[in-house]
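Read the structure below first, then the notes.
All of the numbers you see were taken from the coordinates with simple rules; none came from a lab. The structure displayed is predicted, hence computed values, not measured ones. Note that each Cβ is placed from the backbone with ideal geometry, even for glycine, and that neighbours are counted across all protein chains shown.
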Amino acid sequence: MAKHKREAQLATTSVHGGHADRVPGASVVPPIIQSSTFHWATPDDGELLYSRFGNNPNQLQVGAKVAAIEGTEAGVALGSGMAAVAMTLLALTKAGDHIVAASGLYGATHALLGQELPRRGIETTFVDPDIGEWEKALLPETRLLYIEIPVNPTLRILDPRPIIELAKEKGVHVVCDATFSSPVNFRAADLGIDVVVQSATKYLGGHSDIIAGVVTGPSEVIDEVTKMSRLYGPSLDPNAAWLLDRGIRTLDVRLKRHNENAMAVAQFFESRSEVERVLYPGLESHPDHELAQEIMNGFGGVVSIVLKGGGEAADNFMEHLKLGMCAPSLGGVETLVSQPRYTSHASLTPDQRRVQGIPDGFVRLSIGIEAAEDLIADFEQALSG
């Protein structure tokens with residue numbers, strides 16, 4: 001009787017996934033293949049290898065690794081998270097098509113959907129999380145439904161299950177940006193989401209030293225995304241692909257520390273009179289806490305707060321930080337603090353930000369893996385500064 005092959009756990013796949021079969025004398029760590037092109041004697045040699053095509057060995061290895069972690073058929077690594085989003089949307093739509101998207105999205109994604117794609121004849125309807133709104137927004141031309149879990153930076157958790165069922169009923173794709181959760185905290189494909197996009201700059205890379213993006217999903221979708229990438233050119237540099245592969249090896253242990261630290265920090269801020277509101281899915285006060293417990297394995301490393309005193313209070317808080325660094329981005333081992341009005345949502349008007357729950361005084365904290373006690377001490381003195 002044939003033995004059933006046991007599926008490896010995520011922590012194991014993060015270390016070994018995507019690597020070539022072991023042969024005597026092979027390096028334990030995959031080498032960096034820093035070459036733009038490769039010898040190709042005849043068409044019988046197989047596919048033409050060219051790093052802009054995304055088939056450099058380092059690019060292929062990390063794409064396969066993320067797909068294995070996510071539990072999807074295939075994956076492709078690209079030059080940034082926005083490249084992953086843009087190439088996916090262009091691969092799945094054409095002029096005359098329609099997209100339905102959640103209203104609360106990363107600022108650049110919102111701008112891509114609302115400003116750039118209409119120039120190409122692709123329209124988007126933005127809707128609130130209520131499933132009835134999604135149903136009403138559907139048109140005969142609708143080709144995909146786009147969501148983020150959690151939403152940046154409000155950390156609202158949208159229930160994807162009714163949206164997935166609606167998509168199946170209508171025969172359209174569901175695309176989910178799972179950057180904030182990572183595959184450690186949210187198993188998108190297991191729930192039935194077709195395509196997952198992530199900024200690998202964040203938790204997957206984990207060290208704030210690369211810009212990268214990944215798309216995972218069915219082979220036929222990844223093939224189309226790869227075609228778009230070869231046309232538009234946002235391939236991932238081999239050295240960055242190698243660094244991404246190295247970062248992913250510690251993904252599981254890093255995320256567990258991020259989760260623990262963020263919970264401790266969120267509880268601290270909830271006890272402070274200077275803070276008007278704390279947004280963290282792990283807190284019982286979060287409007288989506290029960291849903292987060294139901295569909296997520298962890299609550300993530302990002303905590304958002306709204307300070308009393310508005311933008312002036314937020315500026316003062318950030319000016320007094322000594323350990324937390326004032327910088328955009330998230331998901332690195334160090335703690336990064338930013339105000340979305342200056343960074344991720346700077347392209348939106350103050351009124352648009354308020355509608356999305358991002359008033360002046362809103363501060364987003366990407367909690368690193370430092371000692372939680374040291375972080376809390378820093379935040380305490382910054383609040384008092």
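Placing R0 at 35 angstrom, the Cβ-Cβ distance between residue 239 and residue 168 gives a FRET efficiency of 0.30 after rounding to 0.05.
For region 251-384, how big is Rg over Rh, using alpha carbon atoms and the Kirkwood form of Rh?
Values: Rg = 14.1 Å, Rh = 14.9 Å.
In region 251-384, Rg relative to Rh is 0.94.
Among the listed options [x] 43; [y] 29; [z] 25, the one matching percent of Cα pairs over 34 Å apart as calculated from these coordinates is [y]. Remark: region 10-25, residue by residue, has Karplus-estimated 3J(HN,Hα) of 4, 4, 6, 5, 4, 7, 9, x, x, 7, 5, 4, 6, 9, x, x Hz, where x stands for each Gly or Pro and the curve is 6.51 cos²θ - 1.76 cosθ + 1.60 at θ = phi - 60°. Checking the table 170/256; 65/256; 65/202; 94/168 against a 26 Å threshold on Cα-Cα, which pairs fail? Going by Cα-Cα distance, 170/256 fall outside the 26 Å limit. Here residue 227 is the anchor, and no aspartates and glutamates lie within straight C-alpha reach of less than 12 Å, apart from those fewer than 8 places off in the same chain. With respect to the chain, whose longest principal axis is taken over its alpha-carbon atoms, helix 219-232 is tilted by about 80°. Which percent of the Cα-Cα distances in region 1-93 go past 23 Å? When every Cα pair of region 1-93 is considered, 40 percent fall beyond 23 Å. Looking at the square roots a ≥ b ≥ c of the eigenvalues of the Cα gyration tensor of region 141-249, which shape do they give, rounded for a/c under 1.5, prolate if a/b is larger than b/c, or oblate? It is oblate, given that a/c is not under 1.5 and a/b is not larger than b/c.
Sequence-distant contacts, meaning Cα pairs under 8 Å at least 6 residues apart, place the relative contact order of region 251-384 at 29 percent. Considering helices alone, the calculated mean residue ellipticity of the chain at 222 nm is -11000 deg cm²/dmol, with DSSP H runs of length four and up weighted by -39500 (n - 2.57) and normalised per residue. Among 325-336, 251-262, the peptide with the highest mean count of other Cβ atoms within 10 Å heads the list, and the full ranking is 251-262, 325-336.
Against the chain, whose longest principal axis comes from its Cα atoms, helix 310-319 is set at around 70 degrees.
Please determine, in degrees from 0 to 90 and to the nearest 10, the orientation of helix 57-70 with respect to the longest principal axis defined by the Cα atoms of the chain, where the helix direction is its Cα long axis. Once rounded, one gets 60 degrees.
Checking every one of the GluC sites (Glu not before Pro) in region 129-192 against DSSP loop status and a limit of 15 other Cβ atoms within 10 Å picks out 141.
Which of the aspartates and glutamates could be linked to residue 308 by a straight reach, that is with a Cα gap under 20 Å, when you skip same-chain ones fewer than 8 residues away? Result set, ordered by chain and number: 270, 274, 276, 319, 351, 360, 378, 380.
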